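Colleague: This is the structure, below, for whatever I ask next.
The values are calculated or read from the model by the stated rules, or taken from the named source; none is laboratory data. Computed from a prediction, not measured in an experiment: that's the story for all the values here. Please note: Cβ atoms are built from the backbone with ideal geometry, for glycine as well, and neighbour counts cover all protein chains shown.
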């Protein structure tokens, strides 16, 4: 579904100087798979996600989604961000989903409303569908954002630390809900995180990125580890921790997440 070959991503910093965030990255994300990008801040994870989303043009290499070269954003790639303010504050939860369907021309009229209701129900938000964002908790807002993204029925769902700003209990609930929803929809997922435990829980495979200009440090299969508390997960966590520590990267990771 997503194919990157020799991908290089660069931009200019606040002083106008060129900065290479991603130096040489290649990977393949298969249809229906969950791939996690793991690494500390500044290693190019979000930059890579933005390139797949079509918001950043590669400096070199190839990037394809569903066999087509990425030339810009599109509803075939839906984003969910970490920030809680990604919803339109003047619209209800339901209208946020309906409007996204209308603007992207994925659906309109009653079809859009039925689809919005379906995905809000999937995210357990039916009882709060007519509430405005300021009336919702952070976790509820993220549920609506995920419902809106899923309603587009994208080829790829792109998630940039969507649970990073939530409290530990809400985060754990949403992590497991995301896996339950994936089992129902089989959406192709590209997910960014700092957390080793979250990577093991959410992913089928984990792509560990090195320091900028980033390269792929390793690709680790975690598809058999549905429970991060499973004793079999500990050797995998140790390996991921070791990979992050090769250049002292572990010191840049929030200790509360580096577990």
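Colleague: Which condition number does residue 200 fail, the rest of (1) under 21 Å from residue 50 (Cα atoms); (2) without any contact (Cβ under 8 Å) to a residue 60 or more places away in the chain being met?
Modeller: Unmet for residue 200, out of (1) under 21 Å from residue 50 (Cα atoms); (2) without any contact (Cβ under 8 Å) to a residue 60 or more places away in the chain: (1).
Colleague: Determine the pairs where a residue that is assigned by TED's automatic domain parsing to the domain that holds residue 193 and farther than 10 Å from residue 196 by Cα, located within segment 232-249, has a partner that is at pLDDT 85 or above and in a helix (DSSP H, G or I) with Cβ atoms under 7 Å apart, the partner being 6 or more residues away or on another chain.
Modeller: Close Cβ pairs (under 7 Å, with a partner that is at pLDDT 85 or above and in a helix (DSSP H, G or I)) amount to 233/200.
Colleague: Exactly one condition in (1) in contact (Cβ under 8 Å) with a residue 12 or more places away in the chain; (2) farther than 30 Å from residue 5 by Cβ is false for residue 172; which is it?
Modeller: Result: residue 172 fails condition (1) only.
Colleague: Would you be able to tell me the number of residues in segment 208-222 that are assigned to a loop (DSSP other than H, G, I, E, B) and either in contact with a strand residue (DSSP E or B) (Cβ under 7 Å, 6 or more places away or on another chain) or closer than 12 Å to residue 27 by Cα (or both)? Write out each step before concluding.
Modeller: Step one: of segment 208-222, the residues assigned to a loop (DSSP other than H, G, I, E, B) are 210-213, 222.
Right, trim to either in contact with a strand residue (DSSP E or B) (Cβ under 7 Å, 6 or more places away or on another chain) or closer than 12 Å to residue 27 by Cα (or both) and you get 210, 212-213, 222.
The number of residues fulfilling the criteria is 4.
Colleague: While we're looking at this one, here's another question. Quick one: which residue in 9, 49, 56 is surrounded by 14 or more Cβ atoms within 10 Å (Cβ to Cβ) and within 25 Å of residue 223 (Cβ to Cβ)?
Modeller: Values: 9 fails: within 25 Å of residue 223 (Cβ to Cβ); 56 fails: within 25 Å of residue 223 (Cβ to Cβ).
Criteria check complete, one pass: 49.
Colleague: Among (1) in the same structural domain as residue 189 (by TED's automatic domain parsing); (2) more than 29 Å from residue 240 (Cβ to Cβ), where does residue 40 come up short?
Modeller: (2)
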